[in-house]
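What follows is a set of notes on a single structure, which appears directly below.
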Amino acid sequence: MMDEYSTYRWPRGTPLFCLIGLYAPGFLMAAQPSLTNLFAGKLALAAYFLAVTLFCIYLYRFRIILDATSIRAGAFFPKKMEFTDVVRAKYVQGDDIGRITLWGSDGKRINVWETIENFEACARAIDSRFPEHLLISGHERAAPIDVLRGSDLV
């Protein structure tokens, strides 16, 4: 099993829903005659649609590929890091989303966000490929904290 590739990516609908959700404000802006009558407004709208399209293509192409000896992460120009070159690995939780950060001996850094599909399996696969002395610190996700509402405080 260690000689096989494991591929992790965004959930399937994410790029499409982002495209639809980000195109909607562009169409609303394009419907404003005061904006589209100006040449600068047309350029701004074209730049907006180009940026949204490129962002959604990035989401669609983004992959994390694990094999027995290395990890590759990215969309257009993926970063590659050998597991033997990893000097530190840490799980960081913040703003209700976590990420695993791998630091290489050459200064390279790769982040694996919790938003990818099947993050737990990816974290276990990364952890299993590390040398014995290196493990992901803080890998366990913290339990959600109950927030007290107004009526609970009285």
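The values are calculated or read from the model by the stated rules, or taken from the named source; none is laboratory data. None of these values were measured; they are calculated from a predicted model. Heads up: the accessible areas ignore ligands, DNA and RNA and are worked out on the full protein's heavy atoms, side chains in. Shrake-Rupley method; radii C 1.70, N 1.55, O 1.52, S 1.80 Å.
In table form, for the structure just shown:
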{"item": "Crossing angle, helix 39-61 versus the chain [Cα axis fit, 0-90 degrees, rounded to tens]", "result": "30"}
{"item": "Probe 1.4 Å, accessible area per residue of the chain, Å²", "result": "67"}
{"item": "Accessible surface of the stretch 2-98, 1.4 Å probe, proportion on carbon and sulfur as whole %", "result": "67"}
{"item": "Long-range HN-HN contacts of residue 88 with modeled amide H, under 5 Å", "result": "103"}
{"item": "Partners for residue 90 among lysines (Cα-Cα distance below 16 Å; same-chain residues under 8 apart left out)", "result": "108"}
{"item": "Cα-based convex hull, the stretch 1-112, per residue volume (Å³, whole number)", "result": "142"}
